[in-house]
1. What is the packing order of peptides B:216-222, A:161-167, B:226-232, taking the mean over residues of other C-beta atoms within 10 Å and listing the highest first?
2. So what's the angle, to the nearest 10 degrees on a 0 to 90 scale, between helix B:161-200 and the longest Cα principal axis of chain B?
3. With solvent modelled as a 1.4 Å probe, how much accessible area in total do chains B and A shield from it at their shared surface, in Å² to the nearest 100?
4. Can you compute the equivalent ellipsoid semi-axes for region B:126-270, i.e. the square root of 5 times each eigenvalue of the Cα gyration tensor, sorted largest first and rounded to whole Å?
5. Can you return the lysines within cross-link range of B:Lys41? Criterion is Cα-Cα under 24 Å, with same-chain partners fewer than 8 residues away left out.
6. For the protein assembly as shown, what mean projected area does the convex hull of the alpha carbons give, in nm²?
7. Could you tell me how many degrees, from 0 to 90 and to the nearest 10, lie between the Cα long axis of helix B:2-15 and the main elongation axis, the longest principal axis, of the Cα atoms of chain B?
8. Consider the operator that turns chain A into chain B: which A residue has a Cβ nearest its axis, and what is that gap in Å?
2 protein chains.
Amino acid sequence: MRMERLQAWVTRMCRHPIVSNSEVFQLFLTYKDEKDWKMGKRRAEKDETVGVMIFSNIEPEAPDLEPAEVEQKCESFSKFTKAMDDGVKDLLSVGQEHWKRCTGPLQKEYQKIGKAFQNLASVFNSSGYQGEATLTDALTTTGKTYEEIAQMFAEQPRKDLHFLIEINNEYKGLLGCFPDTISVHKAAIEKVKEGDKMVAMSKLTNQEKMTMVKRASTMSYTLQAEMNHFHSNRIYDYNSVMQLYLEEQVKFYETIATKLRQALSQYTTL
Amino acid sequence: MRMERLQAWVTRMCRHPIVSNSEVFQLFLTYKDEKDWKMGKRRAEKDETVGVMIFSNIEPEAPDLEPAEVEQKCESFSKFTKAMDDGVKDLLSVGQEHWKRCTGPLQKEYQKIGKAFQNLASVFNSSGYQGEATLTDALTTTGKTYEEIAQMFAEQPRKDLHFLIEINNEYKGLLGCFPDTISVHKAAIEKVKEGDKMVAMSKLTNQEKMTMVKRASTMSYTLQAEMNHFHSNRIYDYNSVMQLYLEEQVKFYETIATKLRQALSQYTTL
């Protein structure tokens, strides 16, 4: 599980155009001895473009956005990520409940059904009446089939629900980072708004105010880029995991039908 | 339900070689007016061969059975009917529990799964990101499919479990009559045993004792005939109901697999 999650995290980082190319990430993936690692770490610690300073490295090749537009984009990202966070958490709780039911009560119930049929078969077998071997054999097979189905129900979540839950857990983690990111942007927007008043009070030149607007615009483009990356990954991830989930579900129900059909074929039409 | 059970009872009576030919049963099936019914009822009430007197009408065309053999047969019928009574009650309780789970928690759970997928689809739809209509449509279809599956789970017991439960309810009723029938036979066997002592005490002639043995033998043959009839019906009934049950179960799981396969086909491999 830890291995699987580390792999998922590394894969995700490798997919990110900036992170995957960063020196410190490359070092993490490729360092051969402790010395390499320590030197790299020291270099990384000297990096001054951390936190919001990252934006100083970014030059969007596009016209500056109006502050109102920046604010509106930020609002819509915030709304979307909150809604998705709720949706993901809902799916997680439903999925975990279903997992428990499959491995708990459902498995037990199909086992009980299987035992009841086999029990009846063994009673019938003790009747002393001639010529019911076909029925008792078929009933026994039916009972064993339901016991196999019980086992299938217990094992199925690991084959499909597991992946659906893992991806949603990952997204829960990613979505959990957005409120902080978005509040940095909201703070910048507020500063720009204050800027207007400060210009009016002559505490700020128009030139300085324009720089603030430009910076907010840069932040907004950056967030937009991050969101685009997020959306494209999200579409890829959910498309993949849903196909995997449904493929396994189809196999599951088809296997049950096949097993029951085999049990059915053991009965003779009298 | 009452109609269905009356039909099941009449069908069962019609299958019985003695009951189906009895005057009173024929009258019940064919009487046209109240007068016919009353007259027939009065005739039936005058019938003196009721209760154990029925045995006086029976002449088995077979050698008398040894008292030990009679006792052994009676024991084995008693053992079988008790075991089958337990088996039937077990299957009934398991079946009823499964019915409740299908129409209750399982329906709700598949509904919740369906809603969670549809909810996520509608969040995704609000992303403002281009080109994810295929994913959101497919997710919506998946969600609706699970809601349909929820409905299928809720409706399925009426299509298969119902018949399994009805037949077992009938057999529970039939098996409930056996303890009384068997105790009549056991009482007769005890009388024969007492007969031995009474001959020793000269309270009974050997001839009278032989008559007792003969009568016990006749009762045993009658019970054997009844049991043979019971077994042959039982094999027929369980063979039929199990086939019906499994056919419906196969259809059920196949339909689920088909629905899920349709939902799966809506996703595109990216």
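1. Numbers: B:216-222: 21.7, A:161-167: 18.9, B:226-232: 16.9.
Those peptides, ordered most packed to least, come out B:216-222, A:161-167, B:226-232.
2. The angle comes out at about 20 degrees.
3. Values: alone 18150 and 18180 Å², together 30350 Å².
Accessible area lost upon association: around 6000 Å².
4. Details: eigenvalues 963, 31, 15 Å².
Working through the eigenvalues yields semi-axes of 69, 12, 9 Å.
5. Once the sequence-local lysines are set aside, what remains near B:Lys41 is B:Lys32.
6. Working: hull surface 174.0 nm².
Mean projected area of the Cα convex hull: 43.5 nm².
7. Result, in degrees: 40.
8. A:Tyr253, 2
The values are calculated or read from the model by the stated rules, or taken from the named source; none is laboratory data. Treat the numbers as computed from the prediction; the structure is a model and nothing was measured. For neighbour counting, all protein chains shown are included, and Cβ atoms are generated from backbone atoms with ideal geometry for every residue, glycine included. Calculation scope for accessible area: heavy atoms of the full protein, side chains included, ligands and nucleic acids excluded. Shrake-Rupley method; radii C 1.70, N 1.55, O 1.52, S 1.80 Å.
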